[in-house]
Amino acid sequence: MRPKLLPLFVSVTVFSLIFALSLPAQDTNSASVLFTESLQELMDTPVSIVSGSPENLSTAAAAVSVITQEDIQRSGAMNIPDALRLVPGLDVARLDAHTWAVSSRGFNDVFADKLLVMIDGRTVYTPLFSGVFWDVQDTLMEDIDRIEVVRGPGATVWGANAVNGVINIITRSAANSQGVLVSGGGGSPEGDFANFRYGAKLDDGVFLKVYGKYFNRDGSNLPRGSEAGDAWSMARGGFRLDVDRTNQNQFTVQGDAYAGHEHETYMLPMPMSTIGNLSGGNLLGRWTHTLSEDSQLNVQAYYDHTYRNVGIFSEDRDTFDLSAQHNFHLGERQEVTWGADYRHTQGHIIDSPYISFVDPQRSLDLYSAFAQDDIALVDTNLHLTLGSKFEHNDFTGFEVQPSARVVWTPGGRQAWWGAVSRAVRTPSQAESDVVLKTTRVAILGNPDMLAEELTAYEMGYRLQPLDRLTLDLSGFYNHYDRLRSEELVLTARGPSAQVGNGLAGQGYGGEAAATVQPLTMWRLRGGFSYCQVNIDGDDIARTAELLEDSTPRYQFFLRSSLDLPQHITLDATFRYVDGISFPASPIASTITDIPSYATFDLRLAWTPCRNFEVAIVGQNLAQSQHLEFAPTFIPTQQTAVTRNVYGKITLRF
């Protein structure tokens, strides 16, 4: 059946195109949702995730992608992880209704720890396991301006944990979010959802917006088709105030708060159903001061509070962060960017019979500074960027993370780039202090654990040979040392597995992306990635094989977007993901295979006027359900991703 999916996808697209051409030409000044940016404008999108300062996407010396607001809207994605599926080389897998595994260039897991994620510059990874709880990373999807993604290390600017990738989710300013937006809908298993936003101009250069959202999502299915009992609901609200009265100073104050519940079943060894309580909030302030035409100072501070009680453990955590960044020109050929950051986090963990911590109320401090110099070697055609991050953490002490990047733009709308970088992943509190009791063996933390190390070699090529065609190629070779392992130790309670640094390995592969617009009304976008991870070393939990096989070797997607007459848009996305497997782990004695899968999504929307849109979205339409991932260290149920159909109405005024 799966080999027929691609022809079916192509048939739908071709039929839609024929249908479009057969209808009367539409007035381009009408309210139809036409493509808002040309391919050239997309290539010139300013991104700051690579160097910390704005630069054009087309000349960035890294494997960088940008997901625009238009991409998010037209994909029908209802959450951030699903939107990230639009990036070639990112591995996004859903474990159950509210749990995702997201990684870049290998090492995927629910507790993936080599991907740094930020929302408006606020780091959202937890020091509990150096990863991201994706179920609480959310905002109004219509408020996201763009998502910048770097595949590969970004530690020179962003620090530890920016090992295999960096993601920054950037929301729209209050000035660009004026008026009222109301949207809502429902479906199965998407459930019911409602969104609200109001933006107003308070004074000259002073803008405010507030928003709220709520959803109640149905549970997923077990592999055999019965209900898994993992439904979840969440309410969230927030605000943003932007002050821009002068050309020299801009101020932003923004905050969010959320609360919700999620159902989960743990196999411990008897099934235990729980209702988890999640809540939190954050407050961020940013001051941008323009010193001169080519010099700017940014100062940012934020406070973040999270509470998580999911049955097998409970955590209360407070984080405070203060950072500053300054860029200036040194002569005619150099641009220097430097900055410093201080972060303090305090956690309070309540143990359970299954998870406990040696120090459940541990506080952590992180001090860091970085400096980077962008040097124009040959006029503006050849640039060399040298820099390094210097950090001190409470686990491993002082760490240095340098990089060198070069980009050559010989003309003809093309760019060649290459990079050599060092990045580290510092241990987490769990790896240092945890006692995890599984059905087979206890896993013990190690207070002497060292930082994992990466030396990365990358190169890439971008080309826009035609106004309606862009190509983006990248390749990488990663060498890892001191990777986390589980090693046999004898304790008073018997044999246990202790966390250590007994593994090393290599990762290599590449990504290719292309966008073509054969007609003004029709845009095609595709992406392909290959990733191979080889791990050296043995331990009782067979972590080496777990790390090697938990990431698909091949991934492919093809996306078609059509602006049809009569104010109708049709978007279709075909995805193929290679199979993965999970060898014997601390919680399983058999191999779990996740077969390869292919599926497609469709979104049909009608926008008769600028203030109204109705859309019907179908996701994972190829089959009634499919598997994408499996539990690893925490024994939850394995569930399937089901076909999802929902409707949505949006009003703007």
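The values are calculated or read from the model by the stated rules, or taken from the named source; none is laboratory data. All values reported here derive from a predicted model rather than from experimental measurement. Neighbour counts run over all protein chains shown; Cβ positions are idealised from the backbone, glycine included.
Within the stretch 434-471, the residues that satisfy the criterion of being touching a residue at least 40 places away in the same chain (Cβ under 8 Å), among the charged types (D, E, K, R) and surrounded by fewer than 21 Cβ atoms within 10 Å (Cβ to Cβ) are 437, 440, 467, 468.
Inside the stretch 56-84, can you point out the residues that are within 15 Å of the chain's Cα centre (by Cα), assigned to a loop (DSSP other than H, G, I, E, B) and buried (at least 24 other Cβ atoms within 10 Å of the Cβ)? Answer for the stretch 56-84, where residues must be within 15 Å of the chain's Cα centre (by Cα), assigned to a loop (DSSP other than H, G, I, E, B) and buried (at least 24 other Cβ atoms within 10 Å of the Cβ): there is none.
Do we have residue 226 as closer than 23 Å to residue 634 by Cβ and out of contact with any His (no Cβ under 7 Å at 6 or more places or on another chain) here? Give the steps one after another, and end with the answer.
Details: closer than 23 Å to residue 634 by Cβ: yes; out of contact with any His (no Cβ under 7 Å at 6 or more places or on another chain): yes.
Here the answer is yes, as residue 226 does meet what is asked.
Quick one: how many residues across the stretch 466-503 are of a type outside the set (D, E, K, R), farther than 21 Å from residue 112 by Cα and modelled with pLDDT of 95 or more? Talk me through it step by step, then tell me what you get.
Restricting attention to the stretch 466-503, the residues satisfying the condition of being of a type outside the set (D, E, K, R) are 466, 469-471, 473-480, 483, 485, 488-492, 494-503.
Of the ones still in play, those that are also farther than 21 Å from residue 112 by Cα are 466, 469-471, 473-475, 488-492, 494-496.
Pick out the ones that are also modelled with pLDDT of 95 or more and you get 469-471, 473-475.
Residues meeting the conditions: 6.
The residues listed here are 50, 64, 110; of these, the one that is touching a strand residue (DSSP E or B) at 6+ places or on another chain (Cβ under 8 Å), at pLDDT 95 or above and aliphatic (A, V, I, L, M) is 64.
Every test in (1) surrounded by fewer than 16 Cβ atoms within 10 Å (Cβ to Cβ); (2) in contact with a helix residue (DSSP H, G or I) (Cβ under 8 Å, 6 or more places away or on another chain) is passed by residue 248 save one, and that test is (2).
I'm checking my understanding of the structure. Among residues of the stretch 214-243 that are touching a residue at least 60 places away in the same chain (Cβ under 8 Å) and more than 20 Å from residue 99 (Cβ to Cβ), which one is surrounded by the most Cβ atoms within 10 Å (Cβ to Cβ)? That would be 240.
Can you report the number of residues in the stretch 334-367 which are in a strand (DSSP E or B) and basic (Lys, Arg)?
Applying the first criterion (in a strand (DSSP E or B)) to the stretch 334-367 yields 334-350, 355-357, 363-367.
When the remaining residues are screened for being basic (Lys, Arg), the result is 343.
Of the residues in that region, 1 qualify.
Candidates 194, 175, 200: the one that is part of a helix (DSSP H, G or I), more than 18 Å from residue 83 (Cβ to Cβ) and either over 23 Å from the mean Cα position of the chain (by Cα) or modelled with pLDDT of 95 or more (or both) is 175.
Look at residue 88 and say whether it is in contact with a strand residue (DSSP E or B) (Cβ under 9 Å, 6 or more places away or on another chain), part of a loop (DSSP other than H, G, I, E, B) and within 30 Å of residue 562 (Cβ to Cβ).
Values: in contact with a strand residue (DSSP E or B) (Cβ under 9 Å, 6 or more places away or on another chain): yes; part of a loop (DSSP other than H, G, I, E, B): yes; within 30 Å of residue 562 (Cβ to Cβ): yes.
Yes: the conditions hold for residue 88.
For the stretch 487-501, indicate whether the set of residues that are of a type outside the set (A, V, I, L, M, F, W, C), in contact (Cβ under 8 Å) with a residue 60 or more places away in the chain and buried (at least 20 other Cβ atoms within 10 Å of the Cβ) is non-empty. Working first, answer last.
The initial filter retains those residues of the stretch 487-501 that are of a type outside the set (A, V, I, L, M, F, W, C), namely 487, 491, 493-496, 498, 500-501.
When the remaining residues are screened for being in contact (Cβ under 8 Å) with a residue 60 or more places away in the chain, the result is none.
No, the conditions are met nowhere in the stretch 487-501.
Within the stretch 596-621, being within 22 Å of the chain's Cα centre (by Cα) and free of Cβ contacts under 8 Å to residues at least 40 places away in the same chain holds for one residue alone: 620. Screening residue 139 against (1) closer than 25 Å to residue 308 by Cβ; (2) buried (at least 21 other Cβ atoms within 10 Å of the Cβ) leaves a single unmet condition, (2). Of all the residues in the stretch 622-641, those that are buried (at least 17 other Cβ atoms within 10 Å of the Cβ) and either free of Cβ contacts under 8 Å to residues at least 24 places away in the same chain or not in a strand (DSSP E or B) (or both) number 13.
Determine, yes or no, whether residue 590 is closer than 25 Å to residue 103 by Cα, among the hydroxyl-bearing types (Ser, Thr, Tyr) and modelled with pLDDT of 95 or more. I'd like the intermediate steps shown before the answer.
Numbers: closer than 25 Å to residue 103 by Cα: yes; among the hydroxyl-bearing types (Ser, Thr, Tyr): yes; modelled with pLDDT of 95 or more: no.
No, not satisfied.
The residue list 156, 246 contains one member that is in a loop (DSSP other than H, G, I, E, B) and among the hydroxyl-bearing types (Ser, Thr, Tyr), which is 246. Taking the criterion of being in contact with a Gly (Cβ under 7 Å, 6 or more places away or on another chain) and among the aromatic types (Phe, Trp, Tyr), the only residue of the stretch 387-419 that qualifies is 417. Checking residue 107 against (1) assigned to a strand (DSSP E or B); (2) out of contact with any Phe, Trp or Tyr (no Cβ under 8 Å at 6 or more places or on another chain), which single condition isn't satisfied? Failing condition for residue 107: (1).
Taking the options 205, 154, 184, 179, name whichever one is crowded, with 19+ Cβ neighbours inside 10 Å, touching a residue at least 12 places away in the same chain (Cβ under 8 Å) and either out of contact with any Cys (no Cβ under 8 Å at 6 or more places or on another chain) or more than 22 Å from residue 105 (Cα to Cα) (or both).
Checking each option against the conditions leaves just 154.
Restricting attention to the stretch 357-379, the residues that are farther than 26 Å from residue 326 by Cβ, more than 25 Å from the chain's Cα centre (by Cα) and crowded, with 17+ Cβ neighbours inside 10 Å total 2.
Of everything in the stretch 380-418 that is touching a Leu at 6+ places or on another chain (Cβ under 6 Å) and part of a strand (DSSP E or B), the residue that is surrounded by the most Cβ atoms within 10 Å (Cβ to Cβ) is 393.
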